[in-house]
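Contents: one structure, followed by commentary.
Throughout, read-outs are computed from the coordinates displayed, never taken from laboratory work. Remember, predicted model here, so these are calculated numbers, not experimental data. Here the Cβ is made from the backbone with ideal geometry for all residues, glycine too, and neighbour counts use every protein chain on show.
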Amino acid sequence: MLNLPACVASLCLAAAALAGCAATPPDLRAAAIAELGGTGTLRAAINFGNPILATRGPGGEPRGVSVDLAQEAGRRLGLPVELVTFNSAGAVVEAVKAKGVDLAFVAIDPVRGADMDYTAPYVIIEGAYLVRAASPLQRNDEVDRTGTRVAVGRGSAYDLYLTRELKAASLVRAPTSPAVTDLFLADNLEVAAGVKQQLEADAKRVGGVRLLPGRFMVIEQAMGVPKGRLAARAWLSRFIEEAKASGFVAAALQRHAIEGALVAPPRGGP
């Protein structure tokens, strides 16, 4: 004989994991804790390669919007948080694939989607091009030409995007995104591509360069979990929507003096 209450609970949990219910079922939180805290801690990957997400404090400690979100998620789940730091997005993705971390802060990209599941985005950031002051390039749509070499961080969202989109220009990959401008200068390349804020800071640091106007791509930054952890994804998606709606994300951006990043618009479900 069918156990109706148990059946309803199972259906609600499955629906929550895949599409989202209006209220978070207690069973979903418990399932998320099991998926995210299997080691007894919530291991959160923090990427220093993207200064919008995280930077080092005076003592080298991680700080930034991704750190704040990881700590708040751990608090709500009742899990101690272990911040696992990386210098590039590519290294973060490999750690997620290897299940060396439980949670990451990454740009949404279809290539990465083969190995991880995403929440809705929490912030939107811009990708920009940097050129020498004397460069003939004036617009973003002029970059994709034969003979143009573009420096980009290996495995970054910009690398993945430009690998698909550039037809004539070629990519030269730096080991990390913060190393892009130095590679661009050292190898006398035509263009550097990366986080707009990083390139703006580099332009002030090195001089003799300028950013092309506007942006060549918009990046949606989200939380990512190892593929198949549906309860974790569903719970974190609700958490992200609440963090955006309550002003938590906006306050974190302001607290860490992040300019140029926008809070992502609300999304209906995970």
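One table, with the values for the structure above:
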{"item": "The stretch 54-126: relative contact order in percent, alpha carbon pairs under 8 Å with at least 6 residues between", "result": "17"}
{"item": "Structure-based [θ]222 nm, the chain - -39500 (n - 2.57) summed over DSSP H runs of at least 4, per residue, nearest 500", "result": "-11000 deg cm²/dmol"}
{"item": "Mean separation of Cα contacts under 8 Å (6+ apart) over length of the chain, as relative contact order %", "result": "26"}
{"item": "Antiparallel %, DSSP beta bridges [both residues in the stretch 126-217], to 5", "result": "55"}
{"item": "Extension reserve of the residue 165-residue 114 stretch, reckoned as 0.36 nm per residue once the Cα distance is removed", "result": "16.4 nm"}
{"item": "Listed peptides 166-175, 122-131, 200-209 by packing density, highest first (mean Cβ within 10 Å)", "result": "122-131, 166-175, 200-209"}
{"item": "Antiparallel content of DSSP bridges confined to the chain, in %, to 5", "result": "65"}
{"item": "Net charge of neighbours whose Cβ lies under 11 Å from the Cβ of residue 41, counting Lys and Arg as +1 and Asp and Glu as -1", "result": "-1"}
{"item": "Contact order normalised by residue count of the stretch 126-217, Cα under 8 Å, 6+ apart, percent", "result": "46"}
{"item": "Computed label-point distance, nm, for sites residue 246 and residue 267 using a 7 Å Cα→Cβ extension", "result": "2.0"}
{"item": "Order by protection proxy (mean Cβ within 10 Å, highest first), peptides 152-159, 221-228, 253-260", "result": "152-159, 221-228, 253-260"}
{"item": "Relative intensity, log₁₀ I(q)/I(0), of the stretch 153-270 from a Debye sum that treats every alpha carbon as a point, q = 0.10, 0.11, 0.13, 0.21 Å⁻¹", "result": "-0.43, -0.51, -0.69, -1.22"}
{"item": "Cα long-axis angle, helix 230-245 against the chain (0 to 90 degrees, to the nearest 10)", "result": "70"}
